[in-house]
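Undergrad: One structure, pasted below without further comment.
The values are calculated or read from the model by the stated rules, or taken from the named source; none is laboratory data. Keep in mind that what you see is a predicted model, and the values were worked out from it rather than measured. Quick reminder, even Gly has a Cβ in these numbers, built from the backbone with ideal geometry, and neighbours come from all protein chains shown.
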Amino acid sequence: MSAENSKGADILRWWVLNLADRQSGRARALSARLRRARGGDALTEPEVHDLARTLGMTDGARLALLVRLLAQVKEHVPQSLARRLGGNPPVLSTLRFQRLMRAEGDELPEALRRAITMAEGRCNVASLGLDILYWGEAVRARWCFHYFGAEAPSHTDGEAAEEISE
C-alpha cells in the first residue's frame with residue numbers, strides 16, 4: 001500500500017471512529033464543534049491531535065482545514081466530491097465549479113464547504129481528505145476531469161514538466 005493510500009485509509013478510519021455515527025451524541029457534538037470552528041479553534045480538540053499523530057502532520061492550518069471539512073461530510077460513498085458535483089445536469093453549476101477551482105486562501109475553505117453541502121454531505125472521505133492535504137494544481141486538474149465525468153490522465157502537463165525539470 002502506498003503512503004498516500006495509507007493516509008487516505010487513516011483519514012477514513014478517523015472519520016468513521018469520530019464523526020460518522022451521527023446517532024452518537026459524542027460524534028454529533030464533535031462534528032458541530034468542528035463545523036463551527038474558526039481558524040485554529042479546531043486544534044483544541046484531542047481527537048484532532050490523534051489524527052495529526054496518525055498522519056504525522058505538523059501544519060496546524062492544513063490540519064484545521066481538513067477536520068473542519070471532514071465534519072461537513074455526513075456519509076462516505078465511493079464517488080469523489082468532484083464526481084458528485086458533476087453529472088448531467090451537474091449538482092454544482094459549471095460557473096460555480098470554475099469559481100471553486102480558482103478559489104485560494106480564505107476563499108477555499110468556504111468554497112469547499114459549500115461544495116460538500118451541494119453534494120448533500122456525501123462523498124469519498126479518504127479521497128476528500130487526501131485532496132485537502134495535497135491541494136494544488138494536480139488536485140485541481142484531477143477534479144476538473146472528475147467533474148466532467150472523465151478519467152484523469154496519470155500525469156497532467158504541470159506534473160510532467162515538474163518531473164522533467166527535476
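Undergrad: In the stretch 128-150, which residues are surrounded by fewer than 17 Cβ atoms within 10 Å (Cβ to Cβ) and small (Gly, Ala, Ser)?
TA: 136, 138, 149, 150, listed by residue number.
Undergrad: On the basis of being at pLDDT below 95, exposed (fewer than 13 other Cβ atoms within 10 Å of the Cβ) and in a helix (DSSP H, G or I), does residue 161 make the cut?
TA: Against the criterion (at pLDDT below 95, exposed (fewer than 13 other Cβ atoms within 10 Å of the Cβ) and in a helix (DSSP H, G or I)), residue 161 qualifies.
Undergrad: Let me ask another. Can you work out which of the residues in the stretch 1-17 that are in a helix (DSSP H, G or I) and either touching a strand residue (DSSP E or B) at 6+ places or on another chain (Cβ under 9 Å) or modelled with pLDDT under 95 (or both) is farthest from residue 72 (Cα to Cα)?
TA: 3
Undergrad: Go through the residues of the stretch 115-127 one by one and say whether even a single one is assigned to a loop (DSSP other than H, G, I, E, B), surrounded by fewer than 17 Cβ atoms within 10 Å (Cβ to Cβ) and small (Gly, Ala, Ser).
TA: So far as the stretch 115-127 goes, yes, one or more of its residues are assigned to a loop (DSSP other than H, G, I, E, B), surrounded by fewer than 17 Cβ atoms within 10 Å (Cβ to Cβ) and small (Gly, Ala, Ser).
Undergrad: On to the next question. Quick one: which residue in 35, 68, 26, 62 is of a type in the set (D, E, K, R) and surrounded by 20 or more Cβ atoms within 10 Å (Cβ to Cβ)?
TA: Result of the check over 35, 68, 26, 62: 68.
Undergrad: Every residue in the stretch 13-23 that is loosely packed, with under 13 Cβ neighbours inside 10 Å and in contact with a helix residue (DSSP H, G or I) (Cβ under 7 Å, 6 or more places away or on another chain), please.
TA: Matches in the stretch 13-23: 22 only.
Undergrad: Restricting to helices (runs of 4 or more DSSP H) lying wholly in the stretch 18-73: which have 1 or more residues that are over 16 Å from the mean Cα position of the chain (by Cα) and either farther than 15 Å from residue 129 by Cα or at pLDDT 95 or above (or both)?
TA: It comes to 25-36, 46-55.
Undergrad: Hey, another quick one. Determine which single condition residue 92 fails, assuming it passes every other condition in (1) part of a helix (DSSP H, G or I); (2) in contact with a Phe, Trp or Tyr (Cβ under 9 Å, 6 or more places away or on another chain).
TA: Just one mismatch for residue 92, condition (1).
Undergrad: Still on this structure: Could we say that residue 109 is without any contact (Cβ under 8 Å) to a residue 60 or more places away in the chain and in a helix (DSSP H, G or I) here?
TA: The answer is yes for residue 109.
Undergrad: Quick check on residue 79: is it farther than 24 Å from residue 30 by Cβ, under 13 Å from the mean Cα position of the chain (by Cα), not acidic (Asp, Glu) and not in a helix (DSSP H, G or I)?
TA: Judged against the criteria, residue 79 is a match.
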